[in-house]
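Report on the following structure.
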Amino acid sequence: MKTGNSDASTPRSPVPTGGLTRSWGVVLAFHAAMAFTILTLAADWNVVSASGLGEPAPGVELIETHCVNGNQTARVTALCFNDKNHTLRVVDSPSPGSATLANTLSYAKAIGGVNGGYFHKDYRPVGLVVSDGKTLHGFESAKLLSGLLAVMPDGRVAILRSGEYEPTKSPLLQALQCGPMLVEGGCIVSGLNDLRIARRTILAKGVRGETALIYMSSVTLADAARILALASVLDTWKPRTAINLDGGSSSGLWTSKGFSLPEIARVRNFLGIFPR
């Protein structure tokens with residue numbers, strides 16, 4: 001792109017140098033501000049539609065929200081409930097490598113659920129796994145495992161930082177160490193990966209017991225957090241805390257009423273919704 005006039009023979013009217021500098025400074029500042037505004041607007045996710053897909057059980061609602069950001073789209077499918085009436089159970093795979101989400105949770109008589117935590121290639125779990133009060137795998141210290149799903153003895157569901165875990169002081173009924181944290185205190189966690197796009201499975205919590213198991217179509221972790229920060233992404237409530245579970249080909253969501261977003265790969269464990 002040419003930035004000046006190369007035709008030196010064209011006569012020009014004399015213009016004070018200082019005035020020219022100030023004029024171009026104003027023009028450049030204006031264009032810079034406009035470019036910043038356009039980029040900022042382009043980085044905004046918005047909810048374009050939301051619908052209820054029924055109740056797999058009284059008090060458990062399946063909702064789907066469609067979000068857009070320029071030419072990007074994301075589908076957010078969530079099983080929402082309140083932990084005053086329902087809770088989560090970690091369901092270990094009866095046959096790691098072959099058992100499916102649908103078959104395992106159906107056999108366990110769950111209302112619905114999603115895939116669970118991370119695992120090695122040989123299906124050994126990664127990080128803390130507690131199912132029905134029994135520790136199936138121990139706590140691990142790793143950057144990725146920054147938080148954990150914790151179900152208290154009374155059935156309340158919480159999302160904790162890994163550093164808050166004190167097994168001798170607070171025994172847990174269910175636990176799944178995972179990460180990274182996406183939302184804390186209602187704010188997007190900084191430093192999330194904004195390059196790798198994949199399907200996401202997420203656990204989100206509100207301030208009054210609201211809980212959601214979420215399947216999100218292919219987005220980056222940073223975009224997943226931005227979407228969860230939208231006021232109407234989960235219909236009537238906004239997550240105060242959210243944590244990433246295993247995703248990519250592991251991501252799946254299932255309900256006992258026949259709705260299914262099946263996982264591509266087999267996984268080690270699952271999270272199911274059950275009455276308290």
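The values are calculated or read from the model by the stated rules, or taken from the named source; none is laboratory data. Everything numeric here is computed off the predicted structure, so don't read it as measured data. Cβ coordinates were reconstructed from backbone atoms using ideal geometry, including for glycine residues, and neighbour counts include every protein chain displayed.
Return the residues of region 237-261 that are in contact (Cβ under 8 Å) with a residue 12 or more places away in the chain and among the small types (G, A, S); say none if nothing qualifies.
A242, G247, G248, S249, S250, S251, G252, S256, S260, listed by residue number.
Inspect all residues belonging to region 245-262 and state whether any of them is of a type in the set (A, V, I, L, M, F, W, C) and touching a Cys at 6+ places or on another chain (Cβ under 7 Å).
Yes: region 245-262 contains one or more residues that are of a type in the set (A, V, I, L, M, F, W, C) and touching a Cys at 6+ places or on another chain (Cβ under 7 Å).
For region 231-257, enumerate the residues that are modelled with pLDDT under 95 and in a loop (DSSP other than H, G, I, E, B).
A231, S232, V233, D235, T236, K238 - these are the residues of region 231-257 that are modelled with pLDDT under 95 and in a loop (DSSP other than H, G, I, E, B).
Would you tally the residues in region 63-102 being outside any strand (DSSP E or B) and in contact (Cβ under 8 Å) with a residue 60 or more places away in the chain?
Residues flagged as outside any strand (DSSP E or B) and in contact (Cβ under 8 Å) with a residue 60 or more places away in the chain within region 63-102 amount to 11.
For region 138-145, does any single residue satisfy the condition of being part of a strand (DSSP E or B) and either farther than 27 Å from T220 by Cα or modelled with pLDDT of 95 or more (or both)?
Checking region 138-145: not a single residue is part of a strand (DSSP E or B) and either farther than 27 Å from T220 by Cα or modelled with pLDDT of 95 or more (or both).
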